[in-house]
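Novice: Before we start, here is the structure in question, set down as structure tokens.
Please treat every number below as a calculation from the coordinates, not as lab data. Please read all numbers here as calculations on a predicted model, not as lab measurements. Note: ideal-geometry Cβ built from the backbone for every residue, glycine included; neighbour counts use all protein chains shown.
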Amino acid sequence: MTNQIWTGLRFNKRDGGKNMTFLVPDSYEMTGTELYIDEKGRKYISVAGTGWFTNLEHGRRHEPLQLMTMKDNLRFSRRKEIREKGYLHYENYDAIEIPFTDAIPSDYDGVMGVPISFIDKYCPEQFKIVGMCENLDLYGLKTRIFTSEECRAAYKSKFGKTGTYDLNAAGVIRLEDGRLEKVYQRILIQKI
């Protein structure tokens, strides 16, 4: 959020790179297919999709995302969910729900809730991170706190039985049928 650390470059097959390889202790049980022992008897494991945080500069973090307008996203998005539902507004944050990073609109200046996978694509010259949708209101961004009764009613509506659904732990959208639905963890961003 304060640009003191960021994600480092990732090595994975999707990016045309290699898996990251780690030296493991001799006691490590060799069970996977991405394991090998070198000529000196040292054990190694290769892990796909590995990433890390760093404060070392690399050019990729300054590459802006290619974005479409909201209208074009609604018309041409490869994501059926965007084409059919549009951009839903949270019930408990003054922000819109962006279910996929490739659906971030170029022409929206308000706060947007994006998946945590956005962090790999974050460009500090294009967006600022303003917080997260979370249980505690650490960033002072919540506009509504759901009551215990509302959480129980949402659970009953979703699952058809008695229980509680912690609506305060995430961003909440209202579905077409009126039910309240928590979304997966979101980072709240705004265009610069």
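Novice: Among what's in segment 122-135 and is touching a strand residue (DSSP E or B) at 6+ places or on another chain (Cβ under 9 Å) and more than 14 Å from ARG186 (Cβ to Cβ), pick the residue that is surrounded by the most Cβ atoms within 10 Å (Cβ to Cβ).
Specialist: Once the filter is applied, the top-ranked residue is GLN126.
Novice: Considering (1) surrounded by 11 or more Cβ atoms within 10 Å (Cβ to Cβ); (2) part of a helix (DSSP H, G or I), say which one LYS71 fails and leave the rest.
Specialist: Every condition holds for LYS71 apart from (1).
Novice: Counting only residues that are surrounded by 15 or more Cβ atoms within 10 Å (Cβ to Cβ) and part of a loop (DSSP other than H, G, I, E, B), which one in segment 144-192 is nearest to the chain's Cα centre (by Cα)?
Specialist: Checked segment 144-192; the qualifying residue nearest to the chain's Cα centre (by Cα) is VAL183.
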